[in-house]
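Visitor: After the structure tokens below, expect a handful of questions from me.
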Amino acid sequence: MQYPEPIAQLIDSYMKLPGIGQKTATRLAFFTIDMQGDDVTRFAKSLISAKQDLRFCSICGNITEEDPCDICRDKTRDQSQVLVVEQAKDIMIMENMREYHGLYHVLNGVLSPIEGKGPEDLNIASLLKRLQQNDAIKEVIVATNATPEGEATAMYLSRLIKPSGIKVTRLAHGLSVGSDIEYADEMTLFKAVEGRTEM
Ligand SMILES: [Zn+2]
């Protein structure tokens, strides 16, 4: 027996999300059918709005409603430090820590030969251009995750940036090996920033 087309399509859509297989997608689809009409409308609108109303900051690559983003526009922030993260969501995690007051740059991934991701697929050219055009920047803190890909990306960036005389540092390994910034508690993250080492 086949599901009616609208349910089949909904299951299909849920399956496009990471970590969602057929079984979970089916459960979510039936859950959605049972939801209040208002809630479903709000859910659908928020999906469309997230895609339509957000853009990438032309300076740092953060996700924003306005370009440049709030952080890049904020002149009270320390203009001498740029903290490089893998994903825009990592900025939120660093900001919640409230101990870092510099600027950011979002790579939008890491170098990964397996996934066919090379330097040209990441926001590396924009970072180099930014460093070239802005001599207020004195330090680049590489905060990629402590995974093999994150480490390789950090090394790659260090080799590119160091000849320009800008200091390149890496978060200290308060972060356990293989861990994502996402799962670090605020104290661990704070210590990792405090104890960062020069590359
Ligand atoms: Zn920005």
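Visitor: Between Rg and the Kirkwood Rh of the range 81-199, both from Cα atoms, what is the Rg to Rh ratio?
Guide: Numbers: Rg = 13.2 Å, Rh = 14.2 Å.
On the Cα set of the range 81-199, Rg over Rh gives 0.93.
Visitor: Here is a further query. Diagonalise the Cα gyration tensor of the range 5-52 and give the resulting equivalent ellipsoid semi-axes, square root of 5 times each eigenvalue, largest first, whole Å. Display every interim value, and only then the final one.
Guide: On the way: eigenvalues 65, 41, 16 Å².
Whole-Å semi-axes of the equivalent ellipsoid: 18, 14, 9.
Visitor: Another one. Using just the helices of the chain, give the 222 nm mean residue ellipticity in deg cm²/dmol: DSSP H runs with n ≥ 4 each add -39,500 (n - 2.57), and the total is spread over all residues, rounded to 500.
Guide: Values: 8 runs with 87 residues, N = 199.
That calculation yields -13000 deg cm²/dmol at 222 nm.
Visitor: Can you work out the FRET efficiency for the pair Gln52 and Leu160, with r the C-beta to C-beta distance and R0 = 35 Å, to the nearest 0.05?
Guide: With R0 = 35 Å, the Cβ-Cβ based efficiency is 0.50.
Visitor: From a point 7 Å beyond the Cα of Asp121 in the direction of its Cβ, which residues of the range 79-114 have a backbone N at a distance under 20 Å?
Guide: 85-90, 106-114
Visitor: Now for a separate question. Taking amide H positions as placed 1.01 Å from N in the peptide plane, with prolines and chain starts having none, which residues 5 or more places from Leu83, or on another chain, fall under 5 Å of its amide H?
Guide: Leu103, Tyr104, His105, Ile141
Visitor: Based on the Cβ-Cβ distance from Met92 to Ile114, what FRET efficiency comes out when R0 is 25 Å, to the nearest 0.05? Let's see the in-between values first.
Guide: On the way: r = 27 Å, r/R0 = 1.10.
Between Met92 and Ile114 the formula returns 0.35.
Visitor: Taking 1 over the mean of 1/r across every pair of different Cα atoms in the chain, what Kirkwood radius in Å do you get? Mind showing how you got there, number by number?
Guide: Numbers: mean 1/r = 0.0527 Å⁻¹.
Result for the chain, one decimal place: 19.0 Å.
Visitor: Relative to the present Cα-Cα distance, how much length would full extension add between Ile33 and Glu66 at 0.36 nm per residue of separation?
Guide: Working: separation 33, 0.36 × 33 = 11.88 nm, distance 3.49 nm.
Between Ile33 and Glu66, full extension yields an extra 8.4 nm.
Visitor: Consider just the alpha-carbon atoms of the range 32-93 and return their Rg together with their Dmax, both in angstrom.
Guide: Spelled out, the Cα radius of gyration and Dmax of the range 32-93 are 16.2, 52 Å.
Visitor: Continuing with this model, one more query. Name the residue, out of Lys51, Lys23, Lys129, whose mean-square fluctuation peaks in a Gaussian network model built on the chain with Cα pairs under 10 Å.
Guide: So, out of Lys51, Lys23, Lys129, the one fluctuating most is Lys23.
Visitor: FRET efficiency for Gln132 and Lys45, Cβ-Cβ distance as r, R0 = 35 Å, nearest 0.05?
Guide: Values: r = 42 Å, r/R0 = 1.19.
The pair Gln132/Lys45 has a calculated efficiency of 0.25.
Visitor: Count charges around Gln87 for me, please; just the other residues with Cβ under 11 Å from its Cβ, Lys/Arg as +1, Asp/Glu as -1. All intermediate terms of the calculation are to be shown ahead of the outcome.
Guide: Values: positive: Lys89; negative: Glu86, Asp90, Asp180, Glu182.
It works out to a net charge of -3.
Visitor: Here is a further query. Under a point spin-label approximation (7 Å from Cα along Cα-to-Cβ), what is the Glu194-Glu139 distance to one decimal in nm?
Guide: 1.4 nm
Visitor: Next question. Post the alpha-carbon centroid distance, the range 1-57 to the range 100-130, in whole angstrom.
Guide: 30 Å
Visitor: Can you tell which of Glu186, Glu65, Glu115 shows the greatest fluctuation in a Gaussian network model of the chain with Cα springs below 10 Å?
Guide: In the Gaussian network model the winner is Glu115.
Visitor: For the chain, set up a Gaussian network in which alpha carbons nearer than 10 Å are linked by springs, and say which option among Ser80, Ser13, Ser126 fluctuates the most.
Guide: Comparing Ser80, Ser13, Ser126 in the GNM, the peak value goes to Ser13.
Visitor: Under a point spin-label approximation (7 Å from Cα along Cα-to-Cβ), what is the Thr76-Glu186 distance to one decimal in nm?
Guide: 1.9 nm
Taken together, the values in this text are just the output of simple stated rules run on the coordinates, not laboratory data. Predicted model, so just to flag it, every value in this text is computed and none were measured. Cβ sites come from the backbone with ideal geometry, for glycine too, and all protein chains shown count toward neighbours.
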